[in-house]
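Report on the following structure.
The values are calculated or read from the model by the stated rules, or taken from the named source; none is laboratory data. If you're wondering where the values come from, they're calculated on a predicted model, not measured in any experiment. Here the Cβ is made from the backbone with ideal geometry for all residues, glycine too, and neighbour counts use every protein chain on show. Just the protein is used for accessible areas: all its heavy atoms, side chains included, with ligands, DNA and RNA removed. Shrake-Rupley method; radii C 1.70, N 1.55, O 1.52, S 1.80 Å.
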Amino acid sequence: MGWFERNIMEPGKLPLLLALISFVLTFLITRVITRLIRAGKGPFGNVSSGGVHVHHVVPGVILTIVGGFGAVAGGQYGFGSALAAVIFGIGAGLVLDEFALVLHLADVYWTPDGRKSVEMVVLTASLVGLLLIGFSPLGVNDLNEDQEQNRAVALVTVLANFLFALIALFKGKVRLAVLGAIIPLVALVAALRLARPTSPWAKRFYRNRPRARARSALRSYRHDRRWVTPSRAFHDWLGGAPDPEPARSLERR
């Protein structure tokens with residue numbers, strides 16, 4: 001309780017915790033419902049209004065706007081801010097569950113491109129979790145000298161790790177950058193290794209280094225061949241396997 005009080009309640013992170021929980025639960029529940037509809041099971045079905053299919057990104061946008069403005073107006077404390085955080089989390093979960101649909105402006109929910117929604121949800125939950133469980137260098141009062149020193153060390157460590165994560169991202173290693181933002185040393189290793197051949201780093205620094213370009217291409221090929229199957233299996237388990245052929249209609253559920 002001491003850690004929860006000092007690192008969650010006192011810095012005003014309770015709304016963030018509630019938003020994260022509601023966000024993850026909304027995504028999981030939504031995926032269960034859409035998979036049941038896809039399989040023709042359960043009492044759920046498509047939602048239409050005036051002959052127009054209403055995707056759940058629509059109420060998601062509305063809830064995100066309501067929850068966002070409510071959170072700004074409610075501050076960090078009180079029932080109002082907690083309620084706004086839950087509404088915002090639910091709305092964000094509904095929106096990001098159809099992120100790929102918004103990105104492609106087409107119904108790619110059950111296609112390989114639809115995996116982008118799952119990746120975006122995992123990325124968002126990871127970053128919010130980092131903010132939630134990480135040490136808070138600001139907003140905590142009555143710290144002794146040792147605690148202030150620990151907070152300073154933690155802040156420097158987080159900033160350095162974030163810098164390594166940015167380098168990894170610039171090298172085209174998105175997943176390692178996200179994981180490295182949460183787990184120390186992962187971003188450092190990713191930042192020190194060769195960049196992917198299509199990354200901005202490779203285009204900038206490997207332009208006149210043919211050996212580095214060749215090593216980068218070979219390593220990228222071996223990595224993709226090794227991890228593409230487990231990655232697809234994880235996405236299919238979490239979000240549902242895509243259709244064997246692209247969807248042809250916006251009518252899904």
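Determine which lysines satisfy two conditions relative to Lys116: a Cα distance under 27 Å, and not lying fewer than 8 residues away in the same chain.
Output for Lys116: Lys41, Lys171, Lys173, Lys203.
I'd like the per residue volume of the convex hull spanned by the Cα atoms of the range 34-126, given in cubic angstrom.
Details: hull volume 12.5 nm³, N = 93.
Once divided by residue count, the hull of the range 34-126 is 134 Å³.
Sorting check: for 187-197, 85-95, which peptide has the highest mean count of neighbouring beta carbons within 10 Å, and how do the rest follow? Please list the in-between numbers first.
Numbers: 187-197: 19.3, 85-95: 24.3.
For the peptides 187-197, 85-95, the packing ranking is 85-95, 187-197.
Find the centroid of the Cα atoms in the range 45-110 and in the range 13-33, then give the distance between the two in whole Å.
Centre-to-centre distance over Cα atoms comes out at 11 Å.
In whole Hz and in residue order, list the ³J(HN,Hα) couplings for the range 33-49 that follow from phi through the Karplus curve 6.51 cos²θ - 1.76 cosθ + 1.60, θ = phi - 60°; x for Gly and Pro.
After applying 6.51 cos²θ - 1.76 cosθ + 1.60, I find 5, 5, 6, 5, 4, 4, 7, x, 10, x, x, 8, x, 5, 10, 10, 9 Hz.
Starting from the range 21-57, pick out the trypsin sites (Lys or Arg not before Pro) whose DSSP state is loop and whose Cβ has at most 16 other Cβ atoms within 10 Å. Provide the component values of the computation, followed by the final result.
Values: sites: Arg31, Arg35, Arg38, Lys41; in loops: Lys41.
Here the sparse-neighbourhood loop sites are Lys41.
In what order, largest first, do Val108, Val102, Val72 sit by accessible area if the probe radius is 1.4 Å? Please report the intermediate quantities before stating the final value.
Working: Val108 15, Val102 75, Val72 120 Å².
If we order Val108, Val102, Val72 from most to least accessible, we get Val72, Val102, Val108.
If you consider only alpha-carbon coordinates, what radius of gyration and Dmax does the chain have, in Å?
Spelled out, the Cα radius of gyration and Dmax of the chain are 21.5, 66 Å.
Peptides 223-230, 121-128, 164-171: what's the order by average Cβ count within 10 Å, highest mean first? Before the final figure, lay out the partial values.
Numbers: 223-230: 10.1, 121-128: 17.4, 164-171: 21.1.
Order by mean packing, descending: 164-171, 121-128, 223-230.
For a quick check of understanding: with a 1.4 angstrom probe and all protein chains in place, what accessible area in square angstrom does Glu119 have, to the nearest ten?
70 Å²
For the range 203-213, what does the Karplus curve 6.51 cos²θ - 1.76 cosθ + 1.60, with θ = phi - 60°, yield as ³J(HN,Hα) per residue in whole Hz, taken in order and with x for Gly and Pro?
5, 8, 9, 9, 4, 10, 10, x, 5, 5, 5
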